[in-house]
Amino acid sequence: VQLQASGGGLVQSGGSLRLSCAASGRIFSYNIMGWYRQAPGKQRELVARIFSGGGTNYADSVKGRFTISRDNAKNTVYLQMNSLKPEDTAVYYCNTVPERIAYWGQGTLVTVSS
């Protein structure tokens, strides 16, 4: 089972995007869900996570700009990204936290132009 992220695209610096990731109920209900990203030449990093009860954590680099949320009825996790910067350019993925190798999808590319 792979988790497919969507909603990426090209946006100017300061702009916004909203990413979505749908998962099966089996994956979604019992796991912490996270958004990860991998920039060119860098390791993949966790940028936001959300617990089943709704609590959230963010990487310092995105705190105050990104918001993770989940819709339990739709088994979907979102990442609202505001005030985007060129350094946010990366492929964004969703997965559980900790990640499961089998769940990695192709991700969605976010490109922020300066």
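Under the definition of Cα pairs under 8 Å and six or more residues apart, what whole-number percent is the relative contact order of the chain?
Once normalised by length, the contact order is 39 percent.
For the chain, report the translational diffusion coefficient in µm²/s to the nearest whole number, using Stokes-Einstein at 4 °C, 1.567 mPa s, and a Kirkwood Rh over Cα pairs.
Translational D for this selection: 94 µm²/s.
Running Debye on the range 48-114 with equal point scatterers at the Cα sites and no solvent, what base-10 log of I(q)/I(0) appears at q = 0.11, 0.20, 0.27 Å⁻¹?
For the range 48-114 at q = 0.11, 0.20, 0.27 Å⁻¹, log10 I(q)/I(0) is -0.29, -0.94, -1.41.
How many percent of the accessible area of the range 9-52 is carbon or sulfur, using a 1.4 Å probe?
Answer for the range 9-52: carbon and sulfur cover 47 percent of the accessible area.
Just in the range 1-44: which trypsin sites (Lys or Arg not before Pro) are loop by DSSP and have at most 10 other Cβ atoms within 10 Å?
K42
Excluding ligands, DNA and RNA, what is the solvent-accessible area per residue of the chain at a probe of 1.4 Å, expressed in Å²?
52 Å²
By how many nm would the segment from A73 to R18 grow when fully extended, if each residue of separation counts as 0.36 nm and the alpha-carbon distance is taken off?
17.9 nm
The chain: longest stretch without exposed chymotrypsin sites (Phe, Trp or Tyr not before Pro) (DSSP loop, at most 14 other Cβ within 10 Å), sites themselves excluded?
Here the longest segment lacking exposed loop sites spans 52-114.
The values are calculated or read from the model by the stated rules, or taken from the named source; none is laboratory data. If you're wondering where the values come from, they're calculated on a predicted model, not measured in any experiment. Glycine also receives a Cβ, built like all others from the backbone with ideal geometry; neighbour counts cover every protein chain displayed. Heavy atoms of the whole protein, side chains included, go into the accessibility calculation; ligands, DNA and RNA do not. Shrake-Rupley method; radii C 1.70, N 1.55, O 1.52, S 1.80 Å.
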